[in-house]
Amino acid sequence: MNRKENSRMNTSIVKSEPHEAKIPPAPLSTSASVNTASSNVQVKPEPVSDSLTANSSHLFRNMDDAHSPNASPVSAERKKYTVYRSVGDVPYSSDSALREGLEMVKCLKAYMGRLNLGSKLRQNVWNKDLLNLQAQSTPKTLIAVCGATGAGKSSILNALLDDNIVPTSGMRACTAVVTEIAYHSERTIDADVSFLNASEWKQELSILQSDLVEEDGSLKRTHDLKSDAGVAWQKVHAVYPTLTQERLVTMTTDQIVVHDPRIAQLLGSTKHISARNSRQFGEEIAKYIDSKDQSRGKKDKKKQKNDEKSLMDKVREAAGVSKKKDCNGPAFWPLIRQVNVRCPAECLSSGCILVDLPGVADANAARNSIAKDYMKRAQCIWILAPITRAVDDKTARDLLGDAFKLQLKMGDYDDHAITFIASKTDDISCSEVISALHLEDDPELEAIEDDLEKINEEIEEATITKKNLDRTIKGIEKELKFLRAVYKEHEEHVEALKDGVEFTPVLTRSVASKPNAKKRKNQRKGKKGSSKRRRNSVNSGQDSTDDMEEDASDDSDSEIDSDTDKESDSDASDDKGSESDRSEHSCDEDGNSDIEVEELVEEATVESVKAKLEHTKADITASRARLSESRKDKKTVLDRLANLKKSLGKVQKTKNGWCSLKRSEFSRDVLKEDFRTGLKELDDEAAEEKDPQNFDSSINQRDYEAINLPVFTCSSRDYIRLTNQVKGDGEPTCFSDKASTGIPDLQAWCHTLTVASRTRAVKNFYDSLKIFATNINSFVSGIGGVTPEDRQALQDKWESEMDDENEYEYPYTSDSEVDDDPFTAFLNSRAEYQGLIAMQRDKKPSTGITPRLTDEFGRLIQDCVVQLQERFKDGLEDKCRVGASLSANGAVEISDSFAASMHWGSYRATLRRHGEFRRNLNIELLSPFTKNIATSWGKLFETDLLSHFEETVQAAICRLLDDMVESAAAGLRERVGMQGDLCKAEADVVLKQVVAVVRDTITTQQKDVSRCLAPHVQNNLIDGYDLAMEETGKGSVARQKLVFRTFLSERKDDVFDEGADTIMERLSTMCSSVGDALNIAFRELAKKIEVNLAILWENVQDDPNEAVGRKEMMETITEILGQAQLWLNAANEKSKSASTVAQALQDVDTEMD
């Protein structure tokens, strides 16, 4: 506040004599600011708000109503934050920490609404601090998932999400676009599908049309879907299925776009999808991202004769609803720019965002740019490959290819930024794994093999028993069949005797028909037969019929017996005259049956035949009993076989799982070692380049054993089967529990990767909250023991002079910059910075804390910018010049080698796409340049570029505080020193947060600068690419190579020299951007420092009635400060435990051992 405002305030404040009042001790601890230097939280200058400004001259309004039922002061029931007594009671998570902290901020805001904030400067600063605290949110961790087609990315993602959200197919590629998957707390699954705009689609159509036509204008063959023409036709035909290839190549891109109004309307739009479950979501999203040829494999079986539409068809058509799916309609996947999915997946709840990148070689420039942008912005990269190829193909070492090695040098990557995932671990061949890893003598395997051998022996024994029973049952069934035929013949014989009809037996006459027949040995096992001659009799045969009906009834009790009876009945219903069949049957049965066929001695009678009926019936009953017993034995054996086979499957699954885990352990070790080897090669290359005379490859540049590449081996298929995520997908083939599939560990890894950034955000938030609450507490409690004269003297010397309507104007920024985000200004590289400095050089210095600090900060920032520019120039300019010369000298040779190493069609496609196709010619031309600067670049940005600046700022603040102590009256010096300590603590926290954000932004910006060379080279060679493509006809390929070679030879020196200039200019611009960001941020710091120190002279007093309210407010603030410290301590404990979990996850192979 200015002097007039203060004098008006102090007119009513008259004390007879000063009294002692202690400054409340600062509850800040050294642990409160731990790791603030590495913060990722961006501090933004919020717009000024006067909503919290009190117009009353009293500290509290309406204090008399504070204790009434309708009181407005913050009461216990309005304190929505939870009060904990110890760190062990705090249920820590980053979300809960911020949620509780925001409730504390709301409580402070409620008190501030009834507080006179004093000067306008204090109002503005504290309102901005309050808004900044309220705007805090948990940071996000972007994870890019990379892998070749068929590596199982979509299945892994679905397993991670515990839901079928990403489309999968065992037959073809389903995800052809960038798909971002983030968390939301809603119960629905939502997605936004954004499409290319018209110009982007026209640009791609132009390239695709060129891929479909030969140089002579003839059409290329498109049957090979892997060829350039096949890929191009597949895309265009998917979007415009009614266009033929012949017609397509004669149309302009504008004509193609307007050909289908549905497509033209879709371009540039965004479709929103919201589904209750994954099944519905899959149906909706498949309409857009499914890359299948919808008409493939379908044939019209029969054409409809009547194509006339029904009334309902016409109604549906009018309503825009189709009864049947339009199989010939357009597909939309080639038009999609990006898909953003939001789902309630638990693994994403901690702020993890998964991005499925199908590749960075897309023909569409927009999608290609998006994929590359995600690769640049991703904090973590997951590389995914099938485990069957991960080790053999040296995939981990391939990750450290030339381009990636350069990024390691220039981008300061570490092993924690990369995670390797070996998928499809359930794809196992036990014999191959056992042989390759020499596991034959492993005790665990021997025990499993013993179990398998034992079960196989039992299965073999049970199989033999079953075969024996089958033979026994077959014999009994044949015997029963013969017995029933005999029984039927006896019945017919009885009926014939009763009717007085002559009857000649068929089944029992063979012995009797022979004159010299001898009595056959009794084969009925002790059963006696009649020795009398059979005689015709007319005695009743009804009893026999009843007995047979009873037998039939008995037979119906068994399903198998019933089938046998039906067969015998069918035999009995055959023509009785087929004597030859019966005779043959009889002869066959004589040798195998237990029936005694006796010599016919006397004439048959009804009684004798009935007796034989009884004997036959008894034989049938006995045979049926033996058949039933045999069938029971067979069922027992079959049940045992089923159980044995089930046990065999379990033991075999155990063997598969054991072999898979052993392979996974081996693969993890190999991949980790490959990664270490690649890093050592990288370090050795840099060391040799730096000092070739003293280079010794036997000396390690770092502790490679400490580098532990995170490797996870996963089976998404078995995990999905174990969790029944997909119905009807069968049983798991390898693993019996979810933990062995590796998916739960990968889910936990998602949370682990976010812990560091979220913990830093929580710490920064609570550090700021503690500083803010402490300042309010100091202001409310006031500084006692000081005379008004001493206060006035201190105010006259150190209070800043303000405008009538605004506070002190910052000398190095315009008014328009006050409310700008400093880091937006930093990223936008504001060009007016230097001009604004020049405008303010002739201004007379102002008095007060804020003018002094802003002047000093401005000079320090300007010195910092100049020092950065000089460091970049000294460390990189010479390297860039040498690198440009190397690239220029080798450009023609690299271009020739590039052209000779590929098929002429691929070379043309590269020219058509300005050097960027399956390989990037622009990057390869820059290889000597980037290799030359890579090591110096990496070392330069690995150093702390802002450490000296941070020290000089702290020194400037300390000088100010020392000067204030010296200028204060003797009775006030101790108070000034104590308040200065509180001010310094606040300044340290803010300083570290601001510098940390700028430091992180420098890291991001330098990566962009390092990647600007390839676009620069491409832009300078576009004319050469286009000129080469103008060559057509016979021998055009050779002429195209020659034309581009000639163009490159003429332009190479300028292209690469200008590239070096571009690098240095971009670095210089980056330094100026750093200055802009620091200027705006440190202006706010200067204000904060003055507001903190102004408590020494802004001695706001109130009447005795307000003392109760002030006491309540200070008690609440003390409580908030204690709770904030508990949450900070809990965050530190969480960080330690997270480190332990991360190490455990990376060493999971050791735990398995």
Next item on the list: Pop out the ³J(HN,Hα) list for the range 760-776 in order, Karplus 6.51 cos²θ - 1.76 cosθ + 1.60 with θ = phi - 60°, rounded to Hz; leave Gly and Pro as x.
Entry: 4, 5, 5, 5, 4, 4, 6, 4, 5, 5, 5, 4, 4, 5, 5, 5, 5
Next item on the list: Scan around residue 345 for amide H atoms under 5 Å from its own, H built in the peptide plane at 1.01 Å from N, and keep only partners 5 or more places away or cross-chain.
Entry: 184
Notebook entry, point to check: How long are the semi-axes of the ellipsoid equivalent to the range 96-226, from square roots of 5 times the Cα gyration tensor eigenvalues, in whole Å, largest first?
Noted result: 54, 24, 11
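Going by average Cβ neighbours within 10 Å, how do the peptides 962-972, 881-891 rank, with the highest at the top?
Details: 962-972: 15.0, 881-891: 20.1.
Most protected by this proxy first, the peptides run 881-891, 962-972.
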Notebook entry, point to check: Which of 1003, 854, 953 sits closest to the plus end of the dipole of the range 852-1099, meaning its Cα is farthest towards the positive end, when Lys and Arg get +1 and Asp and Glu get -1 on the C-beta?
Noted result: 1003
Notebook entry, point to check: Can you tell me the Rg and Dmax of the range 115-159, counting just the alpha carbons, in angstroms?
Noted result: 23.5, 67
Next item on the list: Give the Cα extents of the range 420-470 along the principal axes, in whole Å, largest first.
Entry: 57, 25, 14
Margin query: I'd like to know which of 1037, 991, 1064 lies farthest towards the positive end of the charge dipole of the range 852-1099, counting +1 on Cβ of Lys and Arg and -1 on Cβ of Asp and Glu.
Written below: 1037
Margin query: Apply the Karplus curve 6.51 cos²θ - 1.76 cosθ + 1.60, θ = phi - 60°, to the phi angles in the range 259-269 and return the couplings in whole Hz, x for Gly and Pro.
Written below: 4, 10, x, 4, 5, 4, 6, 6, 4, x, 9
Checklist line | Test item: Cα-centred dipole of the range 852-1099, Lys/Arg +1 and Asp/Glu -1 on Cβ, debye | finding: 1180
Note to self: Please report Rg (one decimal) and Dmax (integer) in Å for the Cα set of the range 964-1035.
What the structure shows: 29.9, 99
Checklist line | Accessible area of the range 162-278 belonging to carbon and sulfur atoms, whole % at 1.4 Å probe | finding: 48
Check: Going by average Cβ neighbours within 10 Å, how do the peptides 160-168, 892-900 rank, with the highest at the top?
Finding: 160-168, 892-900
Next item on the list: Step through the table entries 610/632; 424/1136; 106/1111, compare each Cα-Cα distance with 28 Å, and write down the pairs that go over it.
Entry: 610/632; 424/1136
Next item on the list: Loop only per DSSP, at most 12 neighbouring Cβ atoms within 10 Å: give me the trypsin sites (Lys or Arg not before Pro) in the range 914-965, ordered by residue number.
Entry: 918
Item checked: 3J(HN,Hα) from dihedral phi, the range 272-280, Karplus parametrisation 6.51/-1.76/1.60, rounded to Hz, x for glycine, proline -> 9, 10, 9, 10, 6, 8, 5, 5, 5
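Residue 768: net charge of surrounding residues, Cβ under 10 Å, Lys/Arg +1, Asp/Glu -1, itself excluded? Mind dumping the intermediate values first?
Values: positive: 763, 770; negative: 129, 767, 986.
Summing Lys/Arg as +1 and Asp/Glu as -1 gives -1.
Hey, any idea what % of the range 852-1099's accessible area is carbon plus sulfur with a 1.4 Å probe? Mind showing how you got there, number by number?
Details: 4570 of 9340 Å².
Here carbon and sulfur together make up 49 percent of the probe-accessible area.
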Notebook entry, point to check: Mind ordering 177-189, 991-1003 by average Cβ neighbours within 10 Å, highest first?
Noted result: 991-1003, 177-189
Notebook entry, point to check: Once the convex hull of the C-alpha atoms of the range 658-768 is built, how many Å³ does it hold per residue, rounded to a whole number?
Noted result: 170
Notebook entry, point to check: From the cross-link list 120/1087; 376/1007; 372/939; 873/939; 466/655; 653/727, which pairs have alpha carbons spaced over 19 Å apart?
Noted result: 372/939; 466/655; 653/727
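Could you compute the net charge surrounding residue 727? Neighbours are other residues with a C-beta less than 12 Å from the C-beta of residue 727; K and R count +1, D and E count -1. Intermediate results must be reported in sequence, preceding the final value.
Working: positive: 279, 721; negative: 729.
That sum, taken over residues with Cβ under 12 Å, equals +1.
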Item checked: Value of relative contact order over the range 852-1099, rounded to a whole percent, pairs C-alpha under 8 Å and six or more apart -> 36
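How much space per residue, in cubic angstrom, does the convex hull of the C-alpha atoms of the range 852-1099 take up?
Numbers: hull volume 30.3 nm³, N = 248.
Per-residue hull volume (Cα only) is 122 Å³.
The values are calculated or read from the model by the stated rules, or taken from the named source; none is laboratory data. These figures come from a predicted structure and were not determined experimentally. Every residue, glycine among them, receives a Cβ derived from its backbone with ideal geometry; neighbour counts consider all protein chains shown. In case anyone asks, the SASA skips ligands and DNA or RNA and just uses the protein heavy atoms, side chains included. Shrake-Rupley method; radii C 1.70, N 1.55, O 1.52, S 1.80 Å.
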